[in-house]
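Beneath this line is the structure, given in structure tokens, with notes to follow.
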Amino acid sequence: MEKKELRSGFTTGTCAAVAAKAAAVMLLTGRELQHMKLMMPKGRSADLPVFHVAIKQDKAECAVKKDAGDDPDVTHQAMVFAAVKYSDEKEVEQAAGIYRRDGEEGKGPLFLIAGEGIGWVTRPGLSCPVGMPAINPVPRDMIFRGVEEARREADFDGSLTITIWMPEGKKLAEKTFNSRLGIEGGLSILGTTGIVKPMSEEALIATIRLELHMRAVAGLKRVILIPGNYGEAFIQETLGLDLKAGVICSNFIEIALNAAGEEGFDQILFAGHIGKLVKTAGGVPNTHSKYGDRRMEILWECTAPFSDDRDELKDKILAANTTEEAAGILKSCGMLEPVMEEVVDRIQRYMTLWSGGRKVEVVTFSTMYGILGMSRGAMELIGLFSGSAAGRKEQEE
């Protein structure tokens, strides 16, 4: 029996941005809308219906219903509301938790605030500052760009204030890990691509194996493995490498390395965020949270040999909200570099084992501190991928 293809959906960030743009258009034109189109990252577009339309003299609001496709998302079918109103700049700037974007071409600034059901960040290490609403950078940019487009099309130069809220947000947040991450009072507005791509584990693993096989058949002997979107951006923007050389392996670290070894790749570069890769330093083969989360415990195991004040530092590391926060703690103690060397060394040992003894080089990074650690041969392998002098030197030898 042929399996049904899983249907993609839209992130809360896309829903918020579509609702915000629709509300801005309705405020500035006075026209009621039934749907709104918005460009998402990577050049894709969303055209979504809008609900609960209300237009007043100085404000317009509407909602978009979250459709997560076939992904088991707790926010599926939840309403994401947006209101846009004319701003009093002095009054808005005095309020707490305001995201501001300066207007283009001399236009007034845009302001973004959170309403009911949107969480607030209470602990460091996340992509939003402490004391600010949990509206992540990519969705935030999508919201501002959508409203800016509406303002440009309406030839309006004044300031606007955008409010995003989710009436069910606080209740739905109880079904997530938000409180453990230090996000209180509601949900995060998330998304890096705008699209929710559901896939079964079986399908994901088959895709990973197929991509590796195709590269091997093409005669390639080197491959880059990356867990996901953060890794993609890192190898392209920081390492300057072509995304075509990379295969996304999601959480299936051991399976991907095993497949790469079976396909005969001689050299493997594995680049990933410390939040995922630190798990492999403890021998965890699949980094999905459903298989357990021992990030801080594993990080402490790597830290202990370098610490004299064991109890106090151990408490701090184990209490850290994220690996970004833990990295900051280690940096303040002057221990980040040796600890990351130990982490990378352990990661490399496990990855070499899982690949069947192939040459595996490791780079791990954080969004806050950049490159945290590299295995000894990583730069030379990066050079081979980029065609740099270091890479050419190794090829000549």
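For the chain, what does -39500 (n - 2.57) per DSSP helix run (n ≥ 4), summed and divided by total residues, give at 222 nm, in deg cm²/dmol to the nearest 500? Intermediate values should be presented prior to the final figure.
Working: 15 runs with 157 residues, N = 397.
Value at 222 nm, helices only: -12000 deg cm²/dmol.
Would you work out if region 1-136 is rounded, prolate or oblate? Take a ≥ b ≥ c from the square roots of the eigenvalues of the alpha-carbon gyration tensor; rounded if a/c is under 1.5, else prolate when a/b is larger than b/c, oblate otherwise.
oblate
With the full set of protein chains in place, find how many percent of the accessible area of the chain is carbon and sulfur; take the probe as 1.4 Å.
On the way: 9470 of 19080 Å².
Of the solvent-accessible surface of the chain, carbon and sulfur hold 50 percent.
So, in nm, how far is label D308 from label Y369 when the simple model puts each one 7 Å beyond its Cα toward the Cβ?
2.1
May I ask you to order 239-246, 62-69 by the average number of other C-beta atoms within 10 Å around their residues, highest value first?
Numbers: 239-246: 14.4, 62-69: 22.5.
Listed from highest to lowest mean packing, they are 62-69, 239-246.
Kindly work out what percent of the DSSP beta bridges joining two residues of region 207-317 are antiparallel, to the nearest 5. Working shown, then result.
Details: 1 of 8 bridges.
Bridges in region 207-317 are about 10 percent antiparallel.
If the cut-off is 24 Å between C-alpha atoms, which lysines fall inside it for K314, apart from same-chain ones fewer than 8 positions away?
Partners within reach: K276, K279, K331.
Taking the DSSP beta bridges in the chain as the whole, what percent of them are antiparallel, to the nearest 5? Let's see the in-between values first.
On the way: 34 of 55 bridges.
In the chain, approximately 60 percent of DSSP beta bridges are antiparallel ones.
Indicate the gyration tensor shape class of region 293-335 (rounded, prolate or oblate), computed on the Cα atoms with a ≥ b ≥ c the square roots of the eigenvalues: a/c under 1.5 is rounded; otherwise a/b larger than b/c is prolate and the rest oblate. Write down the numbers at each step before the final one.
Numbers: a/c = 1.62, a/b = 1.22, b/c = 1.33.
Cα axes put region 293-335 in the oblate bin.
Whose amide H sits under 5 Å from the amide H of G373, counting only residues 5 or more places off or on another chain, with H placed in the peptide plane?
T364
³J(HN,Hα) across region 98-114 via Karplus (A = 6.51, B = -1.76, C = 1.60, θ = phi - 60°), whole Hz, x for Gly/Pro?
Couplings: 9, 8, 10, 10, 5, x, 7, 6, x, 6, x, x, 9, 10, 10, 10, 9 Hz.
So with the 1.4 Å probe, I'd like the accessible area per residue for the chain, rounded to whole Å². Working shown, then result.
On the way: 19080 Å² over 397 residues.
It amounts to 48 Å² per residue over the chain.
Quick one: what are the phi-derived ³J(HN,Hα) couplings along region 211-225, Karplus 6.51/-1.76/1.60 with θ = phi - 60°, whole Hz, x for glycine and proline?
Residue by residue, region 211-225 yields 4, 5, 4, 4, 5, 5, 4, 6, x, 6, 10, 10, 8, 10, 10 Hz.
Want the number for S386 to R349: 0.36 nm per residue separation, take away the alpha-carbon distance, what's left? Walk me through the numbers before you get to the answer.
Numbers: separation 37, 0.36 × 37 = 13.32 nm, distance 2.49 nm.
Extra length from S386 to R349 when fully extended: 10.8 nm.
Under the classification rounded if a/c is under 1.5, otherwise prolate if a/b is larger than b/c and oblate if not, where does the chain fall, given a ≥ b ≥ c as square roots of the Cα gyration tensor eigenvalues? Could you put the intermediate results ahead of the total?
Numbers: a/c = 2.03, a/b = 1.64, b/c = 1.24.
Since a/c reaches 1.5 and a/b is larger than b/c, the shape of the chain is classed as prolate.
Checking the table K65/K175; K42/K244; K85/K171; K65/K107; K21/K171 against a 22 Å threshold on Cα-Cα, which pairs fail?
Working: K65/K175 19 Å; K42/K244 15 Å; K85/K171 27 Å; K65/K107 31 Å; K21/K171 26 Å.
Listed pairs above 22 Å: K85/K171; K65/K107; K21/K171.
Please report the relative contact order for the chain, taking Cα pairs under 8 Å with a sequence separation of at least 6, and give it as a percent rounded to a whole number. Present the calculation step by step, with values, prior to reporting the outcome.
Working: 784 pairs, mean separation 55.8, N = 397.
RCO, the chain: 14 percent.
The values are calculated or read from the model by the stated rules, or taken from the named source; none is laboratory data. Source: prediction; values computed, not measured. Positions of Cβ are generated from backbone atoms using ideal geometry, with glycine treated the same way; all protein chains shown enter the neighbour counts. These area figures cover heavy atoms from the full protein model, side chains too; ligands, DNA and RNA do not enter into them. Shrake-Rupley method; radii C 1.70, N 1.55, O 1.52, S 1.80 Å.
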